[in-house]
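Throughout, read-outs are computed from the coordinates displayed, never taken from laboratory work. Remember, predicted model here, so these are calculated numbers, not experimental data. Cβ coordinates were reconstructed from backbone atoms using ideal geometry, including for glycine residues, and neighbour counts include every protein chain displayed.
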Amino acid sequence: MHVKRTITLLLLVILALPSLTFAQQESIKILDVTVVGNQTASESIIKVNSGFVEGAVLTGPQIQEGINKLWRLRLFSDIKVYVDKETPDGVYLIVSVQEYPRLNEVIYQGNEKLKTKNIEKDIIFIRGQVITPHLINKAVRDLKKMYDDEGYFNAKIDVSTRPAGENIDLIIQIDEGKKVRIRDIDFVGNDNFSDRTLQRQMKEIKARTWYRFYVSGKFDEEKFEEDKQKILEFYRNHGY
C-alpha cells in the first residue's frame, strides 16, 4: 500500500497537478525504463538527459525536472511519463515521446524581389535538422526583416509543410506586396518653424515627388529615428 500511495503522489507531480509537501518528500526506485515513440533520438539520449535510468531513486520534483530536461532538448512535440508496473521494490516506467519532424528541403514561393539564393545566405536550413515551431517563427521574423530592409513593409509570409518520406518539406509562401515609398512628409504642431525648415533638418528621409524623381523615397526606420533626433536637436538649439 505504501508503494502504491507513493506512485500515486508522484504521478500527480508528473502531471503538474498541485502536490502536497509530503509528496515532494517521497521517492521511488526505477527498476527499468522503456522508451517508445522515438524515431531518430536514441533511447540512451532520452534516458541520460532525463535521469530516468535503471536503479535511480527519484522524488516527484526530480521526475518533473527530468521531463523538463527532455523538453529543453527541443526534439519532441509531446512527452509522457507513466508507470507501467509497480512492485514493492520500485516501478517500471514508460517514457513516450513524439518527435518533431526533420527537414527534407525548403521551398520558397512568390519571392521575386528577393532571390532564393540571397535569402538562403541569411536564413540557413540544413537537411535533416529538427523543425520546431520556434525555428519556423524565427525564420519568418528574419525573412520579414529582410523585406522590411528593402522597403516591402506589407510583405506577408505563410509557412506550410508536406510529407517527404519520413521527413517534411517546408514551403514558405511569400506575398511581397508593393514597395512602400514616402510620398509626403507632414509636420503637426510646428507653429514657429515651417515644414520646409524642418524638412531641411532631415538628412536621411526624403519624400519622392515629380520634381525630385531621383530620390528613392524609401522608408528606413533607423534613418527615420536619426532624422527625428536631428529635428529635436534643432529645436533645442533654438531654446525649446
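Per-structure values
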{"quantity": "Residue check, residue 79 among the aliphatic types (A, V, I, L, M), touching a helix residue (DSSP H, G or I) at 6+ places or on another chain (Cβ under 9 Å), outside any helix (DSSP H, G or I) and under 23 Å from residue 137 (Cβ atoms)", "calculated": "yes"}
{"quantity": "Of all residues making up the stretch 23-61, the number that are part of a loop (DSSP other than H, G, I, E, B) and free of Cβ contacts under 8 Å to residues at least 60 places away in the same chain", "calculated": "9"}
{"quantity": "Flag if residue 110 is surrounded by fewer than 17 Cβ atoms within 10 Å (Cβ to Cβ), at positive phi and in contact (Cβ under 8 Å) with a residue 24 or more places away in the chain", "calculated": "yes"}
{"quantity": "Unique residue being without any contact (Cβ under 8 Å) to a residue 12 or more places away in the chain and either charged (D, E, K, R) or over 15 Å from residue 173 (Cα atoms) (or both) when the list is 72, 102, 127", "calculated": "72"}
{"quantity": "Complete set of residues in the stretch 39-83 that are within 23 Å of the chain's Cα centre (by Cα) and among the polar types (S, T, N, Q)", "calculated": "40, 49, 68, 77"}
{"quantity": "Residue within the stretch 52-64 that is closer than 25 Å to residue 131 by Cβ, in contact with a strand residue (DSSP E or B) (Cβ under 6 Å, 6 or more places away or on another chain) and surrounded by 13 or more Cβ atoms within 10 Å (Cβ to Cβ) present", "calculated": "no"}
{"quantity": "Residue within the stretch 138-158 that is touching a residue at least 12 places away in the same chain (Cβ under 8 Å), in contact with a strand residue (DSSP E or B) (Cβ under 9 Å, 6 or more places away or on another chain) and acidic (Asp, Glu) present", "calculated": "yes"}
{"quantity": "Residue that is surrounded by fewer than 19 Cβ atoms within 10 Å (Cβ to Cβ), under 22 Å from residue 178 (Cα atoms) and out of contact with any Asp or Glu (no Cβ under 8 Å at 6 or more places or on another chain), where the choices are 115, 121, 80", "calculated": "115"}
{"quantity": "Matching option when the condition is of a type outside the set (Ser, Thr, Tyr) and under 26 Å from residue 164 (Cα atoms), among 43, 86", "calculated": "43"}
{"quantity": "Qualifying residue in the stretch 83-106 (condition: closer than 24 Å to residue 157 by Cα and of a type in the set (A, V, I, L, M))", "calculated": "yes"}
{"quantity": "Restricting the stretch 97-125 to residues that are among the acidic types (Asp, Glu) and not in a helix (DSSP H, G or I), the residue that is nearest to residue 149 (Cα to Cα)", "calculated": "112"}
{"quantity": "Of residues in the stretch 124-142 being in contact with a Leu (Cβ under 8 Å, 6 or more places away or on another chain) and among the hydrophobic types (A, V, I, L, M, F, W, C), the one surrounded by the most Cβ atoms within 10 Å (Cβ to Cβ)", "calculated": "131"}
